[in-house]
Amino acid sequence: MKKHISIALVLLACLTVSACLQQPVRKAATRPALPPAATERAEAPAAPEYPLGPGDIVKINVYNNPDLTTEAELSQDGTISFPLVGEVKIGGLSRAQAEKAIAARLGEGGFVPNAHVNMLVLQYRSQQVSVIGEVNKPGKYPINQTVTVTDLIAMAGGIGPKGGNMVTIIKRDGNGRTAQHDVDFKGLLSGGNPERNVRIDSEDIIYVPPAPVFYIYGEVRQPGAYPLMPDMTVRQALSLGGGLTARGSERSVQIDRKSADGKVTTRRARLTDRVRPDDVVQVPEAWF
């Protein structure tokens, strides 16, 4: 009896294994491929070029046509004379647009089909900015792309030893009206708001005024004129003047100050008082 039961169990096990083998194998569910991570950063847009204008000098080459190499100055109406095609107006166009305009004229006339034109701007005379005042190299500077006040100050050799921290920018709109912008240049270089780094356009004027000064006379060791630092006190002014002589007294310090109407007033000064531009700090002789 036990033998028959064992045989039955073996047969049942075989049938179960066979049934499992005959079932279709289920494929593991595959997840849809995830899109690749966007690791590439968008490239920063190139700074736009200023348009060509009267007085600009350009050199033009046409690939495989060395006889067409031309150096020309844009006339007052923005045109140049180019071999085979004559007058071509490129004033108001960027360098790349001017290349396409010349190539189109060569193709339209059947002179050089599918011409590859390359233009080099030798001088941007039409786009200039004046930098004046207390800079190391004042003058007019050509610009050919987007520039800022820090760029132009660098071109002018930086602010000179007598220059102040504030820079004045004078802009002119299309109607001839002018607007003035004052920029704290030292604060800008010290990590200030980058939005204050004003964009400079053609015909703008950048003026660097002299640094404000004050004067100290009387019983100090080194009387004279000194640059005025922000929030300078009378005590600091006396220190710049070399300190008091043996006959000077801190209790007798006076300040001569000019008001907006030009009137000069004299007042006793405390050591903690602020010194203003063009103040005259007087240290009279003390009577013991």
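Each reported figure results from applying straightforward, stated rules to the coordinates on display, with no laboratory input. Since the model is a prediction, treat every value here as computed from it, not as a measurement. Here the Cβ is made from the backbone with ideal geometry for all residues, glycine too, and neighbour counts use every protein chain on show.
Tabulated data for the structure shown
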quantity	calculated
By average C-beta atoms within 10 angstrom, highest first, the peptides 196-206, 59-69	196-206, 59-69
Equivalent ellipsoid semi-axes - Cα gyration tensor, the stretch 128-208, angstrom	19, 15, 12
Proximal charge balance of SER252 [Cβ under 11 Å; K/R count +1, D/E count -1]	0
Pairwise FRET efficiency - ARG196 versus LYS59, Cβ, R0 = 35 Å, nearest 0.05	0.40
Cα gyration tensor of the stretch 80-231 - equivalent ellipsoid semi-axes, whole Å, descending	48, 14, 13
Inter-probe distance in nm under a simple model that places probes 7 Å from Cα toward Cβ, at SER259 and LYS89	6.2
Packing rank of 250-258, 107-115, where each peptide gets the mean count of other beta carbons within 10 Å, highest leading	250-258, 107-115
Tail fraction, Cα-Cα pairs, the stretch 57-123, threshold 15 Å, whole percent	44
Label-point separation in nm, HIS181 to GLU285, each point 7 Å along Cα→Cβ	5.6
Two-site FRET efficiency, SER239 against THR266, from Cβ-Cβ distance with R₀ of 25 Å, rounded to 0.05	0.70
Neighbourhood net charge (15 Å Cβ-Cβ; Lys/Arg +1, Asp/Glu -1) for THR266	+3
